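Just below is one structure, and these are the notes that go with it.
The values are calculated or read from the model by the stated rules, or taken from the named source; none is laboratory data. Computed from a prediction, not measured in an experiment: that's the story for all the values here. Note: ideal-geometry Cβ built from the backbone for every residue, glycine included; neighbour counts use all protein chains shown. Heads up: the accessible areas ignore ligands, DNA and RNA and are worked out on the full protein's heavy atoms, side chains in. Shrake-Rupley method; radii C 1.70, N 1.55, O 1.52, S 1.80 Å.
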Amino acid sequence: NQMMVKNKDPEVIQSMFGKIAKHYDFTNGGLSFQLHKYWNRKLVRSINAPEILLDICSGTGEIAYRWLNEQKSPKKAIFLDFCEEMLE
């Protein structure tokens, strides 16, 4: 996603993502014409993490959850995002 943000203050950006968090994945799908699923699948298949994946700017965790689901043995993922609503 590429959003036009005039105010680059972290609190403003955090608040903006907090307001759209509940609809983020749905909106992302519409804006990318569902291509994000292909991109995410390709990304996940390229990850070579031994036991733990650190997902920085995790958002809703879509990529890390996909990675966890594709593992043949139990693995761990750490989700990190500066917007708490996205992680919820």
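Kindly provide the set of residues from the range 66-81 that are part of a helix (DSSP H, G or I) and in contact with a helix residue (DSSP H, G or I) (Cβ under 7 Å, 6 or more places away or on another chain), ordered by number.
Those that are part of a helix (DSSP H, G or I) and in contact with a helix residue (DSSP H, G or I) (Cβ under 7 Å, 6 or more places away or on another chain): 66, 67.
Report, by residue number, each residue of the range 20-44 that is among the hydroxyl-bearing types (Ser, Thr, Tyr), outside any loop (DSSP other than H, G, I, E, B) and either open to solvent by 50 Å² or more (accessible area, probe 1.4 Å) or farther than 18 Å from residue 81 by Cβ (or both).
Within the range 20-44, 27, 38 qualify.
Taking only pairs six or more apart or across chains, which ones have beta-carbon atoms under 6 Å, a first residue in the range 13-40 that is under 24 Å from residue 67 (Cβ atoms) and in contact (Cβ under 8 Å) with a residue 40 or more places away in the chain, and a second residue that is surrounded by 13 or more Cβ atoms within 10 Å (Cβ to Cβ) and among the charged types (D, E, K, R)?
Correct list of pairs: 21/85.
Give me the pairs, please: first residue somewhere in the range 62-88 and small (Gly, Ala, Ser), second residue anywhere and assigned to a loop (DSSP other than H, G, I, E, B), beta-carbon distance under 8 Å, and either six or more positions apart or on two chains.
Between residues of the range 62-88 that are small (Gly, Ala, Ser) and residues that are assigned to a loop (DSSP other than H, G, I, E, B), the close pairs are 64/58; 77/61.
If I filter the range 45-59 down to residues being in contact with a strand residue (DSSP E or B) (Cβ under 9 Å, 6 or more places away or on another chain) and either of a type in the set (Phe, Trp, Tyr) or open to solvent by 80 Å² or more (accessible area, probe 1.4 Å) (or both), which single residue comes out as farthest from residue 84 (Cα to Cα)?
Among them, the one singled out is 51.
Can you tell me which residue in the range 45-65 is modelled with the lowest pLDDT, limited to those that are part of a loop (DSSP other than H, G, I, E, B) and in contact with a helix residue (DSSP H, G or I) (Cβ under 8 Å, 6 or more places away or on another chain)?
Taking the candidates together, the pick is 49.
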